[in-house]
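The values are calculated or read from the model by the stated rules, or taken from the named source; none is laboratory data. Worth saying up front: this structure is predicted, and the values here are computed from it rather than measured. Every residue, glycine as well, gets a Cβ built from its backbone with ideal geometry; the counts of neighbours run over all protein chains shown. Side chains are part of the model used for accessible areas, which takes the heavy atoms of the whole protein and leaves out ligands, DNA and RNA. Shrake-Rupley method; radii C 1.70, N 1.55, O 1.52, S 1.80 Å.
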Amino acid sequence: MTAHPLDPLTEDEFRSTAAVLRRERGIDQGWRFASIELAEPPKSEVKAWTVGDPIARKSLSVVWEKASNEVYEAVVDLIADQVVSWTHIPDVTPNFTVDEYHDIDHALHAHEGVAAALAARGITDLSLVLFDVWTYGKQVMPEQWHDRRLGWCDIWVRATPEGNPYGHPVSGLKIIVDMNTNEVLDIEDHHDFGFPDVQAEYDPAVSGIPERTDLKTLEITQPEGVSFSLDGNELRWQNWTMRLGFNYREGPVIYQVSFDDPISGTTRDIAYRMSFAEMVVPYRDASYDHYRRTAFDIGEWGLGYMTTSLELGCDCLGEIVYADAGGPDSAGQPQVIKQAICLHEEDNAVLWKHVDAETGAQVRRMRRMVVSAHATVANYEYLIYWRFYQDGNIECEVRATGLMVTTPMASEGDSSAWGTTVDARTYAPFHQHFLIAKLDLDIDGEENTVLEVDSLAEPITAANPYGLNVTTKATTISSESESGRDYNWETQRAWKVVNPGKKNRHGTNTAYKLVPGAAFPAMIDKSSPVYERASVIGHTLWVTAQDDRERWPAGDYPTQSESDLTAGAEPHAQGIRRWTEDDESLVNTDVVLWYVFGIHHITRVEDWPIMPADTISFWLKPFGFFDANPALDAPSTKGSRCAPESSCHSH
């Protein structure tokens, strides 16, 4: 296995980071680690690195002292075994941690006042109670506790020990807690709508719903083994090469994607880095139970922290290669996620086909390489799939499933304008899931330009008497002041990343096209606290000049933020609105695309009591990148050349 500068931190490197900070900075039990991750070397250094060169290994940690609530960023040189920078970051709150979530749950189960408030509602078996802690935005925090690391808790009750943990919300009762001290600051008792008689169970063993018995076994096998190879973190398959990474915040990261062009015989760059940089989930219901319910699942908690182990036959099907991942706990010790990333090939029907009346059919089956990971974020599951195709296409798909937040209503026959009635006296509030994909594309190198491409119908004229002509208009996104762009259905808008210095054999610039999917407007007032904290959701696409320091589009520290402009100490830490203020040129330079997509979730009855996966995606497609179809050499399968009257039985 060949080491590489972008390899994620090892278990020993997590331990070494914590040990150095304990030794040199006195990090003891009075402190907590919000995160430890690889301090990625600058992009220029990574691209200049070759096998045999020395590898610098540094970690970046965020720590805070519980007593003072002071936050520091620390860089540790793991080769030199020393701290190389220690920076105080004023007026910010780091992400919440899994350890804190469990600590609060234990503290509330033991709290007499909480037990009394529940008993007043007839809840005496606390083993059935779930305390689900959420973060705050500054503008909806109680003013007297603005200086605290503050959480608020939903309360849910299972009907039985095996029942749905989110099946029965305790309406109108919220617990305000200090996350540093586990102190209960307030028990808000606003209203009590009781417990409607709902059918909340999704496990057949609990609900009593018999499982179907008429579905035959489907087995996927590769008797000769898989077609891909994994050397350390380098994945190779069907002309594709890429590196796999992982960190606490983004979860899986895809680095240094290239394609071996069968036509030119060269290896060509496509992307340097692809990941999810933020996820914003505002609940669009201003009632008491929901007005503060906005989640920044990546910035406030961390997709990597929420990643779960995958199981063969359930989460992944076929011949599977798994990769482990990990991150730190709040004491800085490594926590390994076994089988966190699933690697496998899938058949995906037909790649290309034509039936010639004289010579018969030529058919090629489509195969795709899938890199997937699943994350459980409290009640929701997010299933992430990066798919690479033989024809140079890249698909990014996300599936959302899990358990909806629901709310009792006061009386039978009531309804809510801000949600859907899904059961007796129960509604599920409308909400949105905004995902922000960071796409650092390097199309045939770093010197790229982004074009916005609209399709336009020409008017009827003497030259176009039947109104058939459609043309395209390309608009150059020339600088960052122009970088916030919106999808336009009427013109079927898309965006191309072109290399002005490279042309295909037909004389056009080589390019990849971002094909939008699941794009929708924010539909929120710009003065709203949600928009102020996450202005990135205001446009479908942003383009910025590449900067290694610009990582988080809603700011480095969105937890308890008032605005993305104050979610970090320096401009590079203050989100995409700040990044674009300097109006850097975007022409023939290294650019990064930030694509905003997701789910506008107008809740359905059919989403209850467990939500069938809602699937969204976008594509990156070669557009003049190749000289012809790059999958002309795709391997045939037995029987793929079929006579018109015959059937092709190969699978």
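A simple rule links phi to the HN-Hα coupling: the Karplus curve 6.51 cos²θ - 1.76 cosθ + 1.60 with θ = phi - 60°, which for the range 464-469 gives 9, x, 9, x, 8, 5 Hz, with x for Gly and Pro. Helical runs assigned H by DSSP (4 residues or longer) give the chain a calculated mean residue ellipticity at 222 nm of -2000 deg cm²/dmol, each run adding -39500 (n - 2.57) before division by the residue total.
Taking amide hydrogens as modeled 1.01 Å from N in the peptide plane, which residues meet the under 5 Å criterion relative to Leu441, leaving out close sequence neighbours? Under 5 Å from the amide H of Leu441: Tyr272, Leu593.
Given R₀ = 56 Å, FRET efficiency for Glu211-Ala462 by Cβ-Cβ distance, to 0.05? Kindly include the intermediate steps, with their values, before the conclusion.
On the way: r = 67 Å, r/R0 = 1.20.
Rounded to the nearest 0.05, the efficiency is 0.25.
Working note: Cα gyration tensor of the range 281-425, eigenvalues times five, square-rooted, sorted largest first, giving semi-axes of 39, 26, 13 Å. Measuring nothing but how far apart in sequence close Cα pairs (under 8 Å, 6+ apart) lie, relative to its length, the chain scores a relative contact order of 13 percent. Cα-Cα over 18 Å: which of Lys473/Lys496; Lys47/Lys503; Lys43/Lys621? In this structure, Lys47/Lys503; Lys43/Lys621 lie more than 18 Å apart at Cα. For the range 457-553, the square roots a ≥ b ≥ c of the C-alpha gyration tensor eigenvalues yield an a/c of 1.5 or more together with a/b not exceeding b/c, which makes the shape oblate. Each distinct pair of alpha carbons in the range 1-118 adds a 1/r term; the inverse of their mean, the Kirkwood radius, is 16.5 Å.
Rounded, prolate or oblate for the range 503-649? Axes are the square roots of the Cα gyration tensor eigenvalues, ordered a ≥ b ≥ c, and the cut-off for rounded is a/c under 1.5. Intermediate values should be presented prior to the final figure.
Numbers: a/c = 3.36, a/b = 1.50, b/c = 2.24.
Oblate.
Between Leu128 and Thr359, the FRET efficiency from the beta-carbon distance, with R0 = 56 Å, is close to 0.20. Taking amide H as placed 1.01 Å from N in the peptide plane, the amide H of Phe246 sits under 5 Å from that of Val253, each at least 5 places away or on another chain. Under 15 Å from a label point set 7 Å out along the Cα-to-Cβ vector of Ser415, no amide N atom of the range 263-301 is found.
Would you mind counting up the charge near Asn95? Only other residues with Cβ under 9 Å from its Cβ, with Lys and Arg at +1 and Asp and Glu at -1. Please list the in-between numbers first.
On the way: positive: Arg249; negative: Glu300.
Within the 9 Å Cβ shell, the charges total 0.
Provide the three semi-axes, in whole Å and in decreasing order, of the ellipsoid equivalent to the range 198-237 as defined by the square roots of 5 times the Cα gyration tensor eigenvalues. Could you put the intermediate results ahead of the total?
Values: eigenvalues 328, 66, 8 Å².
After diagonalising the Cα gyration tensor, the semi-axes are 41, 18, 6 Å.
Couplings for the range 381-386, taken from phi via the Karplus curve 6.51 cos²θ - 1.76 cosθ + 1.60 with θ = phi - 60°, read 10, 10, 10, 10, 10, 9 Hz in order; Gly and Pro are left as x. Computed from backbone phi, the HN-Hα couplings of the range 554-562 come to 9, x, 5, 10, x, 4, 6, 6, 8 Hz, rounded to whole numbers (Karplus: 6.51 cos²θ - 1.76 cosθ + 1.60, θ = phi - 60°; Gly and Pro given as x).
If we count every other residue with Cβ under 11 angstrom of Asp444's Cβ, Lys/Arg +1 and Asp/Glu -1, where does the sum land? The partial results should precede the final answer.
Numbers: positive: Arg268, Lys502, Lys503; negative: Asp261, Asp269, Asp442, Glu446, Glu447.
Every neighbour counted, the sum reads -2.
Bridgeable lysines around Lys526 (alpha carbons under 19 Å apart, same-chain partners fewer than 8 residues away excluded): Lys138. Work out the P(r) tail for the chain: percent of alpha carbon pairs separated by more than 51 Å, whole number. It works out to 14 percent of all Cα pairs. Accessible surface area normalised per residue over the range 468-517 is 55 Å², counting heavy atoms of protein chains with a 1.4 Å rolling probe.
Could you give the accessible area per residue of the range 17-143, probe 1.4 Å, as a whole number in Å²? Let's see the in-between values first.
Values: 5720 Å² over 127 residues.
Computed with neighbouring chains in place, this is 45 Å² per residue.
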